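K.L.:
Just dropping this structure here.
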Amino acid sequence: MTGMAPAPASTSPLAPGADKRRGFFTVLAAGQLFGLPVDAVQTIFRLQAATPVPLGPAVVAGLVNLRGKIVVALSLEKRLGLQSNGGATSALAVAVERRGETFALIVDSVGDAIECEEEERIASPRHIHDERARLTVAYYRTPAGILPILDVDALFDMRADVLAARIQSPQSANISAGANP
């Protein structure tokens with residue numbers, strides 16, 4: 001069989017001695033810096049208008065047009081349960097791919113693409129609320145401070161939120177089971 005020879009083992013990202021850097025794209029929401037995996041970010045764009053989604057979750061800002069494709073736009077600030085800085089609504093969004101679908105993540109501003117050394121990865125700080133911890137996948141020490149890395153799958157998984165709400169509210173569980181409140 002003819003073709004390309006396999007790459008030497010030393011160039012594999014998991015090989016001993018290989019570069020253990022991870023790339024992240026930084027965004028700002030409610031004055032706080034967060035990281036998104038570089039491979040999940042498609043583009044940055046300005047929001048023109050969002051079409052509201054009646055009876056949709058509060059984190060869903062609406063539907064937006066991204067190069068002729070209709071995508072769901074989520075507010076990162078609301079998704080993370082952050083208090084707004086009181087400024088005007090952001091017109092910036094980051095197109096993020098999750099499981100073959102594109103979403104728009106509304107942010108206050110965008111930062112740089114950075115690389116973090118794996119040695120700078122730290123355990124989840126104990127003071128982080130469970131809901132916030134569920135939406136992050138890692139934390140890194142950087143010159144700017146601790147950088148939480150967002151879990152793209154968890155950010156867009158609204159089913160987990162519905163289940164958590166049912167667990168926290170026994171009355172709603174009884175209603176859904178057919179019991180009288």
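K.L.:
For the stretch 153-174, state whether one or more residues are part of a strand (DSSP E or B), surrounded by 12 or more Cβ atoms within 10 Å (Cβ to Cβ) and either among the polar types (S, T, N, Q) or at pLDDT 90 or above (or both).
P.N.:
Of the stretch 153-174, the ones part of a strand (DSSP E or B) are none.
Taking every residue of the stretch 153-174 in turn, none turns out to be part of a strand (DSSP E or B), surrounded by 12 or more Cβ atoms within 10 Å (Cβ to Cβ) and either among the polar types (S, T, N, Q) or at pLDDT 90 or above (or both).
K.L.:
Among (1) over 13 Å from the mean Cα position of the chain (by Cα); (2) over 26 Å from Gln83 (Cβ atoms), there is one condition Asp39 misses while meeting the rest; what is its number?
P.N.:
(1)
K.L.:
Take Ala113 and decide whether it is surrounded by 12 or more Cβ atoms within 10 Å (Cβ to Cβ) and of a type outside the set (Ser, Thr, Tyr). Before you say what the answer is, go through the steps one by one.
P.N.:
Details: surrounded by 12 or more Cβ atoms within 10 Å (Cβ to Cβ): yes; of a type outside the set (Ser, Thr, Tyr): yes.
For Ala113, the condition - surrounded by 12 or more Cβ atoms within 10 Å (Cβ to Cβ) and of a type outside the set (Ser, Thr, Tyr) - is met.
K.L.:
Looking at this structure, is Arg141 in a loop (DSSP other than H, G, I, E, B) and exposed (fewer than 15 other Cβ atoms within 10 Å of the Cβ)?
P.N.:
Numbers: in a loop (DSSP other than H, G, I, E, B): no; exposed (fewer than 15 other Cβ atoms within 10 Å of the Cβ): yes.
Answer is no for this residue.
A quick yes/no check of all residues on (1) modelled with pLDDT of 50 or more; (2) on the phi > 0 side of the Ramachandran plot:
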residue	(1), (2)
Ala7	no, no
Ser12	no, no
Lys20	yes, no
Gly23	yes, no
Val27	yes, no
Gly31	yes, yes
Pro37	yes, no
Ile44	yes, no
Ala49	yes, no
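K.L.:
Here is a further query. Count, please, the residues in the stretch 35-79 that happen to be under 25 Å from Asp112 (Cα atoms) and among the small types (Gly, Ala, Ser).
P.N.:
Within the stretch 35-79, residues that are under 25 Å from Asp112 (Cα atoms) and among the small types (Gly, Ala, Ser) number 5.
K.L.:
Filter the stretch 89-110 down to the residues that are over 17 Å from Val152 (Cα atoms) and buried (at least 16 other Cβ atoms within 10 Å of the Cβ) and list them by number.
P.N.:
Here is the first cut: in the stretch 89-110, the residues over 17 Å from Val152 (Cα atoms) are 89-92, 108-109.
Selection gives Ser90, Leu92, Asp108.
K.L.:
Right, something else. For the stretch 116-135, which residues satisfy the criterion of being charged (D, E, K, R) and either loosely packed, with under 11 Cβ neighbours inside 10 Å or in contact with an Asp or Glu (Cβ under 8 Å, 6 or more places away or on another chain) (or both)?
P.N.:
The first filter runs over the stretch 116-135 and keeps only residues charged (D, E, K, R), leaving 117-121, 126, 130-132, 134.
Residues satisfying the conditions are Glu119, Arg126, Asp130, Arg134.
K.L.:
Take Ala73 and decide whether it is buried (at least 18 other Cβ atoms within 10 Å of the Cβ), closer than 19 Å to Val152 by Cβ, out of contact with any Leu (no Cβ under 6 Å at 6 or more places or on another chain) and at pLDDT 95 or above. Walk me through it before giving the result.
P.N.:
Details: buried (at least 18 other Cβ atoms within 10 Å of the Cβ): yes; closer than 19 Å to Val152 by Cβ: yes; out of contact with any Leu (no Cβ under 6 Å at 6 or more places or on another chain): yes; at pLDDT 95 or above: yes.
Spelling it out, Ala73 is indeed buried (at least 18 other Cβ atoms within 10 Å of the Cβ), closer than 19 Å to Val152 by Cβ, out of contact with any Leu (no Cβ under 6 Å at 6 or more places or on another chain) and at pLDDT 95 or above.
K.L.:
List pairs: first residue in the stretch 54-81 and closer than 24 Å to Asp130 by Cβ, second residue of a type in the set (Val, Ile, Thr) and surrounded by fewer than 17 Cβ atoms within 10 Å (Cβ to Cβ) anywhere in the structure, Cβ distance under 6 angstrom, at least six positions apart or on different chains.
P.N.:
Here the result reads Val60/Val53, each pair linking the stretch 54-81 to a residue that is of a type in the set (Val, Ile, Thr) and surrounded by fewer than 17 Cβ atoms within 10 Å (Cβ to Cβ).
K.L.:
Same structure, new question: Would you mention how many residues in the stretch 98-147 are within 19 Å of Val59 (Cβ to Cβ) and basic (Lys, Arg)?
P.N.:
4
The values are calculated or read from the model by the stated rules, or taken from the named source; none is laboratory data. Everything numeric here is computed off the predicted structure, so don't read it as measured data. Methodologically, a virtual Cβ is constructed for each residue, glycine included, from the backbone with ideal geometry; neighbour enumeration extends over all protein chains shown.
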